[in-house]
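A.B. asks: Starting off with a structure, shown below.
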Amino acid sequence: MPRWVIHDAVTACTFGASPSRLAVLPHRRATHLRRPVATILDHQPLVNILPFGACTSPANPQVAAATAAAAGVLTPQPCLPATMTPWTPGSPGRAVMQEVALQDRCTCQCLWGGTVNIVDAGQATQHVP
């Protein structure tokens, strides 16, 4: 069952070297577990989507230039997310402050070809015996 994504959820990019965290700004937000709930519009680079360490995408101009300078040997460069479009597909029918809610099955595309996904929605799981 999909879970709602909240501030500080763990994210990953297919071309990123390490996981990162989703930052959800506290203004105009509903909360869950005292953390702001994310929407599909929480995709702004360096505001919501934070860097994933090093980028290995050949479509990234910095990686392409460094790789060319290294005689074709893939040379990762610092990640600067380029997520220009909202998360998809969202959760139609579920809104947070009139914006479509973000679930852990959603993905976001980076301009350099990477797919950003939710690794951990940020909600603790409790097991009842």
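A.B. asks: Checking the conditions here, which among 67, 39 is hydroxyl-bearing (Ser, Thr, Tyr) and closer than 30 Å to residue 98 by Cα?
C.D. replies: 39
A.B. asks: What is the number of the single condition among (1) on the phi > 0 side of the Ramachandran plot; (2) buried (at least 21 other Cβ atoms within 10 Å of the Cβ); (3) over 16 Å from the mean Cα position of the chain (by Cα) that residue 71 does not meet?
C.D. replies: (2)
One line per residue, one yes/no per condition, for (1) crowded, with 18+ Cβ neighbours inside 10 Å; (2) within 14 Å of the chain's Cα centre (by Cα); (3) closer than 16 Å to residue 10 by Cα; (4) not charged (D, E, K, R):
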{"site": "45", "(1), (2), (3), (4)": "no, yes, yes, yes"}
{"site": "57", "(1), (2), (3), (4)": "yes, no, no, yes"}
{"site": "65", "(1), (2), (3), (4)": "no, no, no, yes"}
{"site": "75", "(1), (2), (3), (4)": "no, no, no, yes"}
{"site": "95", "(1), (2), (3), (4)": "no, no, no, yes"}
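A.B. asks: Sticking with this structure for a sec: Specify the residue that is farthest from residue 18 (Cα to Cα); the eligible residues are those in the stretch 56-106 that are part of a strand (DSSP E or B) and modelled with pLDDT of 95 or more.
C.D. replies: 88
A.B. asks: When you check residue 25 against the structure, is it farther than 15 Å from residue 121 by Cα, within 17 Å of the chain's Cα centre (by Cα) and free of Cβ contacts under 8 Å to residues at least 24 places away in the same chain, yes or no?
C.D. replies: For residue 25, the condition - farther than 15 Å from residue 121 by Cα, within 17 Å of the chain's Cα centre (by Cα) and free of Cβ contacts under 8 Å to residues at least 24 places away in the same chain - is met.
A.B. asks: Can you find even one residue in the stretch 29-43 that is surrounded by fewer than 21 Cβ atoms within 10 Å (Cβ to Cβ), at pLDDT 95 or above and at negative phi?
C.D. replies: Looking through the stretch 29-43, at least one residue is surrounded by fewer than 21 Cβ atoms within 10 Å (Cβ to Cβ), at pLDDT 95 or above and at negative phi.
A.B. asks: For residue 1, work out the one condition from (1) part of a loop (DSSP other than H, G, I, E, B); (2) over 15 Å from residue 118 (Cα atoms); (3) modelled with pLDDT under 95 it doesn't fulfil.
C.D. replies: (2)
A.B. asks: If a residue must be of a type in the set (D, E, K, R), in contact (Cβ under 8 Å) with a residue 40 or more places away in the chain and out of contact with any Leu (no Cβ under 9 Å at 6 or more places or on another chain), how many such residues does the stretch 31-66 contain?
C.D. replies: Count: 1.
The values are calculated or read from the model by the stated rules, or taken from the named source; none is laboratory data. If you're wondering where the values come from, they're calculated on a predicted model, not measured in any experiment. Note that we place each Cβ from the backbone using ideal geometry, even for glycine, and neighbour counts take in every protein chain shown.
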